[in-house]
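Derivation of every value follows stated rules applied to the coordinates shown; laboratory data play no part. Note that this is a predicted model, so its numbers are computed, not measured. Positions of Cβ are backbone-derived with ideal geometry, glycine not excepted, and every protein chain shown enters the neighbour counts.
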């Protein structure tokens, strides 16, 4: 006998899980704003072109704005979001199997739709899209769905070890030459990118199309596949263990918070290391390992904090506000792009390359407030975000009810 074949109703959702997703989604913007407002290479090397442009200023308050985002956000919230995405794969499949549906077929269908939306996002709006990488990786990791939690975690660790092993090998054998062009590109190339994104939508294609294609091909195989795939598998294990659903003891979540302090120390140590080596390309290969390794325990610390808070105040305004963002994460992810490209790109206000890091943090805070308020207000009348509704309707092949019952 088949129960309601549609999506999970709001009454059956896990509030703590939604709140955690909301935190991850909002936190990601702290880093994505760098790519929205500045040339792509500043994602890798914040000191690039620091002496001649407004966005490049790397002193005083602008340095501390970068340090705050780097230490507390870089690679941390995307790690959290990837783990939640992996958990979502199992949550979706289990839900559909309970309803007697062909869960794997539906998973492939909804993932294909995700990839299609991601492709449009990447090529029409922003090259930094993560949806395509998530979708393609989800097609792979679903094959491990029947493994027990310990084995899922083990396979995830194997995936995650690939990148640091390769980069450390490159650091030892090639040194800074391995990333020299990426670390310090020609000044003319950076100026061209600034001009491109201050231009119209058609002009922006000159950078967005090749950059998106590179990220989705060689860039994907050399990075996100292993990191995102491994983190998704860890997320699947954490879901099986009940960690991501708030089912474990408060003591365990407090231990995760303590572990987060270790991740914080590793990240700060990385900053000390790269600065002691004058931000050289050779040192950067080692610095990236500090970022990579430190992100996992610190993401775990955030997980612990959110779970403990949601347990203490499950119906509080903060929990409900973050959960509302989490329930509409797909819509909010794309909304961040629409807002940011309208503000920074030439078809909008054209502020690309002319906004300081401090001003970027101000932009992030404004977007956070807007998204939390809009998400709460929207869900008072509707069951899903508008993009979530489209995704579900296409997945199930029939129009889904969107309004809340009266």
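Please compute the Kirkwood hydrodynamic radius of segment 43-91 from all pairs of different C-alpha atoms, in Å with one decimal. Mean inverse Cα-Cα distance, inverted, gives 12.8 Å.
Please report, in whole Å³, the volume per residue of the convex hull around the C-alpha atoms of segment 93-202.
On the way: hull volume 14.2 nm³, N = 110.
It is 129 Å³ per residue.
Using a cutoff of 8 angstrom between alpha carbon atoms and counting only pairs six or more residues apart, the relative contact order for the chain works out to 30 percent.
As a ratio to 2.2 N^0.38 Å, the alpha-carbon radius of gyration for segment 10-396 is 0.96. In terms of the mean number of neighbouring beta-carbon atoms within 10 Å, the peptides 17-28, 149-160 order highest first as 17-28, 149-160.
Taking label positions 7 Å along the Cα-Cβ direction at both residue 149 and residue 347, the computed distance is 4.6 nm, reported to one decimal. Here the sum of -39500 (n - 2.57) over DSSP H runs of 4 or more residues, divided by the residues of the chain, equals -24000 deg cm²/dmol at 222 nm, to the nearest 500.
Normalised Debye scattering of segment 147-243 at q = 0.13 Å⁻¹ gives log10 I(q)/I(0) of -0.69, counting only Cα atoms as equal scatterers and leaving out solvent. Just to confirm the number: angle between the C-alpha axis of helix 60-72 and the first principal axis of the chain, 0 to 90 degrees, nearest 10? Orientation of helix 60-72: about 40 degrees from the principal axis. Compared with the dominant principal axis of the Cα atoms in the chain, helix 201-216 is inclined by about 70°. Here the label points at residue 358 and residue 247, each 7 Å from Cα along the C-beta direction, are separated by 4.9 nm in the simple model.
Does anyone have the angle between helix 187-198 and the longest principal axis of the chain? Alpha-carbon axes, 0 to 90°, nearest 10? Tilt relative to the chain: about 50 degrees. Pairwise alpha-carbon distances in segment 26-171 exceed 27 Å for 39% of all pairs. Mind running the shape call on segment 268-343? Use the C-alpha gyration tensor, a ≥ b ≥ c as the square roots of the eigenvalues: rounded below 1.5 for a/c, prolate if a/b tops b/c, oblate otherwise. Oblate, because a/c is 1.5 or more while a/b does not exceed b/c.
Once the Cα-Cα distance is subtracted from the 0.36 nm per residue extended length, the residue 173 to residue 116 segment shows a gain of 16.6 nm. Fully extending the segment from residue 381 to residue 214 would add 56.0 nm, taking 0.36 nm per residue of separation and subtracting the current Cα-Cα distance. Entry note, segment 217-311: relative contact order of 36 percent, from Cα contacts under 8 Å with a spacing of 6+ residues.
What number does segment 225-294 give for Rg over Rh if you use C-alpha atoms and the Kirkwood radius? Reported Rg/Rh, Kirkwood definition of Rh: 1.12. Ratio of segment 293-406's C-alpha Rg to 2.2 N^0.38 Å, to two decimals? Dividing the Cα radius of gyration by 2.2 N^0.38 Å gives 1.30.
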